[in-house]
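Enquirer: Got a structure for you, questions after.
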Amino acid sequence: MNAETSKRILVADDAETITSLLMTALETSGYEVTVTTNGVEAYEMGLDGGFDLVILDHLMPGLLGLEVIQRWREQGIETPVIMLSGVDDDHTVVASLDLGALDFVRKPFRLPELLARIRQRVN
Amino acid sequence: MQGIELVRIVVLVVFALNALLLLALIGGKAIHRRVTNAAERRRSAYIAVLSRHLALPDEDVKLGSRVARDPAFLDALIDVRNTVIGPEADALGNLVDRFGITAEASSRLDRGYLLTTRLRAAVTLAELADQSSAPVLIEHLSDRNPVIRIQCARGLGRIGWTPAIDAIVERFRDETPWVRSRFADTLVRFGRTATWPLVAYVKITHRFETEGPVTAVRTLATIGDDQAVKPLIEILAEAIDPEIRIATIEALGHLAGPLAIRPLRVCAHDEDWRIRAKSVAALGEIGDPAAAPALASALTDENWWVRRNSAAALADLPHGLVHLYEALESEDAFARDAASEALADAGAVLGARQRILDGEETSDDQRLIAFIDSQVTVTA
């Protein structure tokens, strides 16, 4: 067990490759990882709080990533969010950051770089 | 009695056959669902293995030696590889070598009996091939199946095999519009390397072909290499086919080379109104103020489309609005209409009305509003 053992991360993405890869990489680094593939589920899981960080896709079934952040903020949920998306038009990037996302990572991504960003935000 | 018995037997046989058919259908569907679910489970398991390989690169990957033949593994590998870039993507590339995936796919593409097998092989090569697969991919650029041809071109573009550019360009003539368009996408991926082969192709073929050279010219425009401007000007001067000339004019506008202004000004007086309309639009796209007089002159063109494009181009040009305001007092009613419409589209009418309300209007504002109001009066 390392220093990050107690940190909880929610990975919300409808792509199995992303959830599998991040879950494996983050669990290997000692984080506690919860996965969802649906925007509505991600929103509901986030309401309970308890996550130290959310890795959030934009295009998900149920609710878009941007809508999820917006609803959390309206409910006073301030969990840090890193957006991870293949949709990287200016509007989505700026809107994500305006809504309070800490970072925006484009797919495909460099795994060590994403892990470094996560470490920086969580610790 | 015998007749009734016979009818009963026939009804029973028909009923039994229908029942059998229904059972076969249900059974077939169930088998298909099981096979699909099993493949989906294998894909998930492979994704997990590949994820672990990326997260823990020091651990050895435990996979059977025949995974290169398993579509579920190939799907998983392609999907995971498309998720990451950098050393992780390279690590997955090493697996491609280790399990002989491209060799297996090449063999199936060459010798596969079923079309689905060959299609899968082509997609695998398009996504995972390295330069050693280039000969197979080039060979199948002339495959009998169009999807395989497209996938092979895509693979060649992905590995950046520049000797393939000529082979792809040469296929333009014989291809359907759909395949040609996908081939063009591949050439765009090659970028500037494809400029001169495309130029050479257009120069050789524009006298006796239309669709191929048009696609090639459009591809040059999309690549955006300004080295193409000069040869395109030469092609514009030589070509007779209006479709090729129109595509060339559009490309010159897109590439926006100042060298193109003079030939485009000449084309703005062409006898074909389509050439004139495209030329003035291209002059506007280039955005050089030197084109303003030619555009202002085209406001009096006999063709509505030419007048409309000229006015729109002037509205986008630095200091172009001056010419539009001047045209409001032209003797030519067509020029006045075109100018007022372009000014309205550019938001000048709203701005002028606001400035008049604020008492800050200019003489141009007064001229514009007077013209608009006079038109309303005439209409009323």
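The values are calculated or read from the model by the stated rules, or taken from the named source; none is laboratory data. On a predicted model such as this, the values are computed, not experimentally measured, just so you know. FYI the Cβ positions are ideal-geometry reconstructions off the backbone, even for glycines, and counts take in every protein chain you see.
Enquirer: Condition first: more than 18 Å from A:Leu26 (Cβ to Cβ), more than 13 Å from every other protein chain (Cβ to nearest Cβ) and either more than 12 Å from the chain's Cα centre (by Cα) or part of a strand (DSSP E or B) (or both). Now tell me which residues in region A:97-123 satisfy that.
Expert: A:Leu97, A:Asp98, A:Leu99, A:Gly100, A:Phe104
Enquirer: Shifting gears a bit: Which residue out of B:Arg276, B:Arg245 is under 23 Å from B:Thr210 (Cα atoms), of a type outside the set (A, V, I, L, M, F, W, C), buried (at least 21 other Cβ atoms within 10 Å of the Cβ) and within 23 Å of the chain's Cα centre (by Cα)?
Expert: B:Arg245
Enquirer: State whether one or more residues within region A:68-84 are touching a strand residue (DSSP E or B) at 6+ places or on another chain (Cβ under 7 Å), more than 14 Å from every other protein chain (Cβ to nearest Cβ) and closer than 30 Å to B:Arg41 by Cβ. Break it down into steps so the answer makes sense when it comes.
Expert: Initial filter on region A:68-84 (touching a strand residue (DSSP E or B) at 6+ places or on another chain (Cβ under 7 Å)): A:68-69, A:79-84.
Cutting the leftovers down to more than 14 Å from every other protein chain (Cβ to nearest Cβ) gives us A:68-69, A:79-83.
This time we only want the ones that are closer than 30 Å to B:Arg41 by Cβ, so: A:68.
Among the residues of region A:68-84, at least one is touching a strand residue (DSSP E or B) at 6+ places or on another chain (Cβ under 7 Å), more than 14 Å from every other protein chain (Cβ to nearest Cβ) and closer than 30 Å to B:Arg41 by Cβ, which makes the answer yes.
Enquirer: Could you list, in sequence order, all residues of region A:87-104 that are surrounded by 16 or more Cβ atoms within 10 Å (Cβ to Cβ) and under 18 Å from A:Gly39 (Cβ atoms)?
Expert: A:Val87, A:Thr92, A:Ala95, A:Ser96, A:Leu99, A:Ala101, A:Phe104 - these are the residues of region A:87-104 that are surrounded by 16 or more Cβ atoms within 10 Å (Cβ to Cβ) and under 18 Å from A:Gly39 (Cβ atoms).
Enquirer: What is the residue count in region B:317-349 for residues that are surrounded by fewer than 16 Cβ atoms within 10 Å (Cβ to Cβ) and under 36 Å from the mean Cα position of the chain (by Cα)?
Expert: Residues that pass the stated criteria total 5.
Enquirer: Which of the residues spanning region A:46-81 are of a type in the set (A, V, I, L, M) and under 25 Å from A:Phe109 (Cα atoms)?
Expert: Within region A:46-81, A:Leu53, A:Val54, A:Ile55, A:Leu56, A:Leu59, A:Met60, A:Leu63, A:Leu64, A:Leu66, A:Val68, A:Ile69, A:Val81 qualify.
Enquirer: What are the residue pairs meeting all of these: first residue in region B:260-273, first residue closer than 14 Å to B:Ala298 by Cβ, second residue in a loop (DSSP other than H, G, I, E, B) and at pLDDT 95 or above, Cβ atoms under 9 Å, and 6 or more apart or on different chains?
Expert: From region B:260-273, no pairs qualify.
Enquirer: Would you point out the residue of region B:186-211, among those that are over 15 Å from the mean Cα position of the chain (by Cα) and among the small types (Gly, Ala, Ser), that is surrounded by the fewest Cβ atoms within 10 Å (Cβ to Cβ)?
Expert: Among those residues, the one meeting the criterion is B:Ala200.
Enquirer: Can you pull out every residue in region B:34-73 that is assigned to a helix (DSSP H, G or I), in contact (Cβ under 8 Å) with a residue 12 or more places away in the chain and more than 14 Å from chain A (Cβ to nearest Cβ)?
Expert: B:Val67, B:Ala68, B:Arg69, B:Pro71
Enquirer: Limited to region B:287-346, what total is found for residues that are over 25 Å from B:Leu252 (Cβ atoms) and charged (D, E, K, R)?
Expert: 7
Enquirer: Of the numbered conditions (1) within 28 Å of B:Pro146 (Cα to Cα); (2) surrounded by fewer than 19 Cβ atoms within 10 Å (Cβ to Cβ), B:Val13 fails exactly one; give the number of that condition.
Expert: B:Val13 satisfies every listed condition except (1).
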